[in-house]
Structures are given as C-alpha cells and as structure tokens.
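Below is one structure, written out as structure tokens, with a few remarks after it.
The values are calculated or read from the model by the stated rules, or taken from the named source; none is laboratory data. As the structure is a prediction and not an experimental result, all values here were calculated from the model. A quick note on method: Cβ atoms are made from the backbone with ideal geometry, for glycine too, and the neighbour counts reach across all protein chains shown.
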Amino acid sequence: MTAPLSRLAATFQVQTNRLYRERDARLARGEPVVDLISGNVTEQGIRYPQAALERVLLDATRAARVYHPHPLGQPEAREAISAYYRSHGLAIPTNRIILTPGTSLAYWYAFSALCDPGDEILTPRPSYPLFDEIARVAGVRVTTYRLDESRDWAIELADLEARITPRTRAIVLVSPHHPTGAVASAAELATIAEIASRHALPIIVDEVFGEFLWGMDALPRPAETRAPLVITLNGFSKLFALPGIKLGWMALSGDEALVAPVLTALEALSDAFLPVNEIVQAAVPGIFREGQAFLREYRSEIARRRDATLQALAGAPTLRFVPPLGGFYVAVRVTSPVSSDDEDLALHLLRSTGCLVHPGFFYDLDPTHLVLSMVSDPETSRPALGRLIAALAGLT
Ligand SMILES: Cc1ncc(COP(=O)(O)O)c(C=O)c1O
C-alpha cells in the first residue's frame, strides 16, 4: 500500500536541499558553521528584556484566567495595535484589526478569504519564498511582478499591471522587502493604489520589517493611499524580537463597503480555530508598553550590524549590491566569475569557508546572486565575511 496522502501532502516528502544537507553533515562531524543567513535575532544575542517579559506574562496569566474568547482577538490587544498605528499617524480602528498566531498564518487567512482554488495572487519577484508555501497549502496560484535591480529594486509598475489576469485576487507587497531591502516609495504606492482601484484588487502588505529603516524616517504605507482595500500584516516576531510569542495581525483599511465583508469572512475563519493564545493576547498591551526603550536599542544595534556587514561587503572586489533601505537582508551580485549554479557556489563557500549563505534561486533571483542576513554579531560576522570575500575573489 502506498502512503494515504493527498497530492499536496505528497509534495512534502521531498528531501532537504543540498546546502542544508551539507550544513547538517558538517555540524554532525563537529565542524563549525557560521550562519550568515538567519534573521532570527534571538539567536544573535538580541532579546526582549527578560524581567519585563516575565512581569507582563505573569499579569497576563491573571487577566486570561477566565476564558472569554473573541473571534477578532481580545479588544485590549487590538486597541494596543491601533494605538501603535496612531503613533505612526495612521488611523486604523480597533474593530478593523484581527489577531493571528503570526504573520505567516495571516497570509493564509487573507488568501483563504480572497481566493477560490486556482485563483492567483500577484507577488514580487524576487521574494522570500514564504507565500509560495502558504499559497500552495491554500490551493492558490502565485504569479509574479518584477523588481528592477538596476533601479535599486524598484517595483516594475508596468509589469505589475500587465500580470493582472481575470483570476488575480490580490496584489502582495513586502515593504521593507525581503531579501532586497527595497522600501516602496510613496509615489510607487500611489500608482499601485491606482492600479488596484482600476482592477478592483485588494493589496496585502507585509510590513514585518517596518521598524527597521536605514536612512529614511517614515515608512510609506499602502494604508495611507487611496487603495480600495488594504490588509496590512505585522507581528511581534521582528518588531519586538519575539518570534516564539506567535503574535501577528491583519489591519484592514479602505472603502467601508469592501472592508466590512472581508472582515466578516476573516472573523469567521478565525472563529473556526480561535488560534491565538489568550495569555499572549492579554500580554500585548504590556509588550508594547514595556518594549519601547528596547525597540530603540534593538533598532540601533541592527543598524550597527547592517553598517558593519555592508562595509565588509563594499570592500569585496567581486561583489555588488544595492544598499538596503530597510529590513535584515541584502542580495549581493557576484560579478566574477558569473556562476551558472548559485547552489554550487553556496555549497563551495560552505565547504571552503564554513559560512552559510543562501543561493539567489531560493528567492527567484538570477543565479549570479547570493543572499546574506545583516543581523549577525560583527564579532562573528566580520572574520567570516572576510573569508567569504577572499573565497569569492579566488574564484577565477
Ligand atoms: C517578509 C516576512 N514576512 C513574514 C515573516 C514571518 O513572520 P511571522 O514570524 O510573524 O510568521 C517573515 C519571516 O522571516 C518575513 O521575512
């Protein structure tokens, strides 16, 4: 008998890729691996203050003793998120916010509410592969619009509009973008809002890196445009370096006639699971309140690490990159020799330097690219980047 799996479940039986097999083999042999790709800052020494978190969580256990769920999430938590947007000059009322157990699941909710099987969502290319997986699980097709490296990874607006088909159900934006670090400008967003209006399409925007801007003061937001319907996603994973807390949200804005039915659908989906831990929900106001000083320190520490990473990369004779305007990652182009297989290149670098970086194809970048995280501690990353750059320079 073959395993009784759905077609979808059968696709999960594939082996891990060659790069991760090599990493695991090295670790099993006791050889060091310097991870220059992880965006998990908790493993890089950046952690929400322990004493404050304990206090907030202890209070939250008291507040959550009587189970009284709300399908949108507890009003106090949503009010704290609404206040967060207010502090950034954006009015999103409490009753337009839905809590989720992380941003990833928020994508799933949004796709499930907006798409029938076989419908399309239009996403950036290159991109972090997150929504490929989620769309597959939701039975939705992913189509792509291009970002143009020669214009600092600007969105190719004509391409975006040309990719819209009768099956397109939403435009996904990621700003700051992972892995290019591009931040969509107010002008780009105004044009995308017009396109979205013309085609009556919602915009789903992922702002998980929105607090991490490099050289600009404020994040331009689709929710500030005249787009008909915007679903803004964010959560505590990156914002407060609390990925294990599993708290994300969707904030809806736009025309009331469009917002209200989508909200009703999302509420019903959430009500089917009531998936967000009640203690975590009760802790949300406290995490915002107690986290402000930490957020400032965390942001300047990431800025320091970003600068150190980019300074090291700028000295590399065979690398070029667009300095990221936001986020944790940088996509670098290897200028010489032009590799035809970036996975081979990443494997070679892992074997010869002990450094783990991602091949560009993981992100739909062309094979002359590698992707690195900028959040590693410079104590570790500086010598590792030195080895990496020397190995790349030696590839002639
Ligand atoms: C652009 C982007 N969106 C969403 C996520 C996932 O967020 P969460 O941990 O809230 O599911 C990540 C994680 O790295 C990300 O890079």
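If the condition is being more than 15 Å from the chain's Cα centre (by Cα) and of a type in the set (K, R), then segment 212-267 contributes R221, R226.
Is at least one residue of segment 234-251 loosely packed, with under 15 Cβ neighbours inside 10 Å and among the hydrophobic types (A, V, I, L, M, F, W, C)? No, there is no match, as no residue in segment 234-251 is loosely packed, with under 15 Cβ neighbours inside 10 Å and among the hydrophobic types (A, V, I, L, M, F, W, C).
I'd like to know if segment 326-343 contains one or more residues that are in a helix (DSSP H, G or I) and closer than 28 Å to E133 by Cα. Within segment 326-343 (the criterion being in a helix (DSSP H, G or I) and closer than 28 Å to E133 by Cα), the answer is yes, since at least one residue qualifies.
There is no residue in segment 182-196 that is assigned to a strand (DSSP E or B), under 22 Å from P124 (Cα atoms) and in contact with a Gly (Cβ under 8 Å, 6 or more places away or on another chain). Take E161 and tell me if it is more than 16 Å from the ligand (Cβ to nearest atom) and of a type in the set (D, E). Yes.
Let's see how each residue does on (1) surrounded by 23 or more Cβ atoms within 10 Å (Cβ to Cβ); (2) at pLDDT 95 or above; (3) in contact with a Ser or Thr (Cβ under 7 Å, 6 or more places away or on another chain):
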position	(1), (2), (3)
A154	no, yes, no
R163	no, yes, yes
R169	no, yes, no
V183	yes, yes, yes
A190	no, yes, yes
A200	no, yes, no
I203	yes, yes, no
E211	no, yes, no
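Scanning segment 311-325 for residues that are assigned to a helix (DSSP H, G or I) and surrounded by 19 or more Cβ atoms within 10 Å (Cβ to Cβ) yields a count of 2. Would you say V172 is free of Cβ contacts under 8 Å to residues at least 24 places away in the same chain and either within 15 Å of the ligand (Cβ to nearest atom) or not in a loop (DSSP other than H, G, I, E, B) (or both)? When the stated conditions are applied, V172 does not pass them. Considering every residue within segment 184-202, establish whether at least one is β-branched (V, I, T), within 16 Å of the ligand (Cβ to nearest atom) and touching a strand residue (DSSP E or B) at 6+ places or on another chain (Cβ under 7 Å). Among the residues of segment 184-202, not one is β-branched (V, I, T), within 16 Å of the ligand (Cβ to nearest atom) and touching a strand residue (DSSP E or B) at 6+ places or on another chain (Cβ under 7 Å), which makes the answer no.
Listed by first and then second residue, the pairs with beta-carbon distance under 8 Å, at least 6 apart or on different chains, first residue in segment 100-128 and at positive phi, second within 16 Å of the ligand (Cβ to nearest atom) and basic (K, R), are G102/K246. Selection of helices (runs of 4 or more DSSP H) fully inside segment 28-144 by the criterion of at least 2 residues being more than 16 Å from the ligand (Cβ to nearest atom) and within 30 Å of F362 (Cα to Cα) returns 103-114. For V66, are the conditions met, namely being under 27 Å from L274 (Cα atoms) and among the hydrophobic types (A, V, I, L, M, F, W, C)? For V66, the condition - under 27 Å from L274 (Cα atoms) and among the hydrophobic types (A, V, I, L, M, F, W, C) - is met.
Could you grab me the full set of residues in segment 62-80 that are without any contact (Cβ under 8 Å) to a residue 24 or more places away in the chain and surrounded by 17 or more Cβ atoms within 10 Å (Cβ to Cβ)? Passing the criteria: only H70. The condition (being out of contact with any strand residue (DSSP E or B) (no Cβ under 8 Å at 6 or more places or on another chain), buried (at least 18 other Cβ atoms within 10 Å of the Cβ) and assigned to a helix (DSSP H, G or I)) is satisfied by just one residue among V280, V259: V280. If the condition is being aliphatic (A, V, I, L, M) and farther than 30 Å from L349 by Cα, then segment 1-19 contributes M1, A3, L5, L8, A9, A10. Among the residues of segment 6-42, the ones that are more than 20 Å from T353 (Cβ to Cβ) and within 21 Å of the chain's Cα centre (by Cα) come to 4 in all.
Residues in segment 353-362 that are surrounded by fewer than 20 Cβ atoms within 10 Å (Cβ to Cβ) and modelled with pLDDT of 95 or more: G354 alone. For segment 1-30, residues that are surrounded by fewer than 12 Cβ atoms within 10 Å (Cβ to Cβ) and touching a residue at least 24 places away in the same chain (Cβ under 8 Å) total 2.
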